[in-house]
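Asker: Quick one: this structure, given as structure tokens, is what I'll be asking you about.
The values are calculated or read from the model by the stated rules, or taken from the named source; none is laboratory data. All of these numbers come straight from a predicted model, not from anything done at the bench. Here the Cβ positions follow ideal geometry from the backbone for every residue, glycine too, while neighbour counts run over all protein chains shown. In case anyone asks, the SASA skips ligands and DNA or RNA and just uses the protein heavy atoms, side chains included. Shrake-Rupley method; radii C 1.70, N 1.55, O 1.52, S 1.80 Å.
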Amino acid sequence: MAVQRWGWLLVLGLTGCQAGGNALKLGTLLPLSGDLAQFGPGMQDAASLLVKTVNDCGGVNGQPVQLISEDDQTQPSAGVSAMTKLVDVDRVAGVVGAAGSAVSGAAVDIAVRGQVVMISPASTSPVFTERAKKGELQGFWFRTAPPDNFQGEALAQLLQKRGWQRVGILAINNDYGRGLAQALEQGLAKTKGQVVATQFYEGQSASFDSEVRSVFGRNPQAVVLVGYPETGTLVMRSAFQQGFFPRIPLVLTDGLKDNQLAQLVGKTPQGQWIINGVVGTAPAAAGPGLKDFQQRYRQAFNREPNVFAPNTWDATAVLVLAAQAAQSNQGAKLREKITTVANPPGTPVTDVCEGLKLLQQGQDINYQGASSGVDFDPQGDVAGEYAVWMVNPDGTIKVIDTIMVGGS
């Protein structure tokens, strides 16, 4: 599958080059390796599929779109290097990414300096909302996943429903972990919950036993784990091996919602999945265009899209539609048209090719995405619905409930 994926990206790149220097150039800055590598390739596939779909129906501004892909390695330093290349060397107009908030936080200033629109499918730290309100991002930042101040509310509601009022928080020490931990504390304050311990862990550590003891040892009714699959699975395994879990339940966040999570954590000596029955929250893909996207994705890759693939599809779609609306392939011009194509008013469209056709005819559109309605507020945020998911006895993940939250 890897050979097919990168072969496809090469074809996309060649198509763009053949189109000439004036073609729309987009970049992806996604975690194809590192702690978020469980998500990155599926997200990359969604972006590539969108560009292929667009090129098959005539491209943007009369030419095929060129997609240039970079691996941020789930590391801020690698993300800075990759974004610098995309902006200064490749001279892209827009970038889909990053996934991790720490990477996006390191890369966004480069995008702003280069007047490149950056749309993240997965960076959920509230820091970006605060920076946007201060005017620091100059309208070049958007995201198709709702910020974690919303997820903090969803988690607090889930904990309240389960009767877990005394809560411990164990979070990765980066923008994502710190931001969501703070948002959860604020959400719990509204539901009269109590945080008995908060502990941050370093993603580069080889062992997390002491961090696990510091939180579980305070005897909370539940522990919320904020992390990513590569290190989060080690934390869960440590909690099990030290005898804390499942006596004290775990609640997981969106960064851990991976279809292979149970397999990564492993089985008990009795042959059951260690995290059987664990619940978590994640942004719910519930947009009008979801079914069409899922069908296209399954047909192309013969598997289900991962949690942030619909958000990636939408981020890429908004960029190409904005370029067509602007009749320009320059980032500053795209910025002016993002909310024009994504927000009301305008003719509602879920199909990107239909949207391009209407824009070519001079009509206004309101893109309705796979992940949500993709209506951006002045800070570039979207509100949304959160899925409550659970690990089944067979190791699969299923959605068991939804929680609606919103912002201003």
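Asker: Return the residues of region 24-62 that are part of a loop (DSSP other than H, G, I, E, B) and either open to solvent by 10 Å² or more (accessible area, probe 1.4 Å) or modelled with pLDDT under 95 (or both); say none if nothing qualifies.
Answerer: Passing the criteria: Leu32, Ser33, Gly34, Asp35, Leu36, Ala37, Gln38, Phe39, Cys57, Gly58, Asn61, Gly62.
Asker: Every residue in region 179-192 that is open to solvent by 60 Å² or more (accessible area, probe 1.4 Å), in contact (Cβ under 8 Å) with a residue 24 or more places away in the chain and part of a helix (DSSP H, G or I), please. Walk me through it before giving the result.
Answerer: Our first condition is that a residue be open to solvent by 60 Å² or more (accessible area, probe 1.4 Å); within region 179-192, this holds for 182, 185-186, 189-190, 192.
Adding the requirement that they be in contact (Cβ under 8 Å) with a residue 24 or more places away in the chain leaves 182, 185-186, 190, 192.
Scanning region 179-192 gives Gln182, Glu185, Gln186, Lys190.
Asker: Among (1) free of Cβ contacts under 8 Å to residues at least 24 places away in the same chain; (2) crowded, with 20+ Cβ neighbours inside 10 Å, which single condition is Gly135 missing?
Answerer: The single condition Gly135 does not satisfy is (2).
Asker: So which of Gly255, Gly287 is part of a helix (DSSP H, G or I), buried (at least 24 other Cβ atoms within 10 Å of the Cβ), in contact (Cβ under 8 Å) with a residue 60 or more places away in the chain and not polar (S, T, N, Q)? If you could, list the steps in order and put the result at the bottom.
Answerer: Values: Gly287 fails: part of a helix (DSSP H, G or I).
The match here is Gly255.
Asker: Here's something else I'd like to know. Would you mind stating whether Val195 is surrounded by 21 or more Cβ atoms within 10 Å (Cβ to Cβ), at pLDDT 95 or above and in contact with a helix residue (DSSP H, G or I) (Cβ under 8 Å, 6 or more places away or on another chain)?
Answerer: When the stated conditions are applied, Val195 does not pass them.
Asker: For residues that are without any contact (Cβ under 8 Å) to a residue 40 or more places away in the chain, open to solvent by 10 Å² or more (accessible area, probe 1.4 Å) and in contact with a helix residue (DSSP H, G or I) (Cβ under 8 Å, 6 or more places away or on another chain), scanning just region 105-130, find the one that is farthest from Ala284 (Cα to Cα).
Answerer: Here the residue is Arg113.
Asker: Determine which single condition Glu336 fails, assuming it passes every other condition in (1) modelled with pLDDT of 95 or more; (2) open to solvent by less than 50 Å² (accessible area, probe 1.4 Å); (3) within 20 Å of Val318 (Cβ to Cβ).
Answerer: The single condition Glu336 does not satisfy is (2).
Every residue, every condition in (1) open to solvent by less than 10 Å² (accessible area, probe 1.4 Å); (2) within 22 Å of Leu36 (Cβ to Cβ); (3) of a type outside the set (A, V, I, L, M), yes or no:
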position	(1), (2), (3)
Thr316	yes, yes, yes
Thr340	no, no, yes
Val349	yes, no, no
Leu358	no, no, no
Ala370	yes, yes, no
Val391	yes, yes, no
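Asker: Further, regarding this structure: Say whether the condition of being open to solvent by less than 40 Å² (accessible area, probe 1.4 Å) and touching an Asp or Glu at 6+ places or on another chain (Cβ under 7 Å) is met by at least one residue in region 293-303.
Answerer: Within region 293-303 (the criterion being open to solvent by less than 40 Å² (accessible area, probe 1.4 Å) and touching an Asp or Glu at 6+ places or on another chain (Cβ under 7 Å)), the answer is yes, since at least one residue qualifies.
Asker: Moving to a separate point now. Please identify the pairs in which a residue from region 209-224 that is surrounded by 19 or more Cβ atoms within 10 Å (Cβ to Cβ) has its Cβ atom under 6 Å from the Cβ atom of a residue that is in a helix (DSSP H, G or I) and at pLDDT below 95, counting only partners at least 6 apart or on another chain.
Answerer: Every condition considered, no pair remains.
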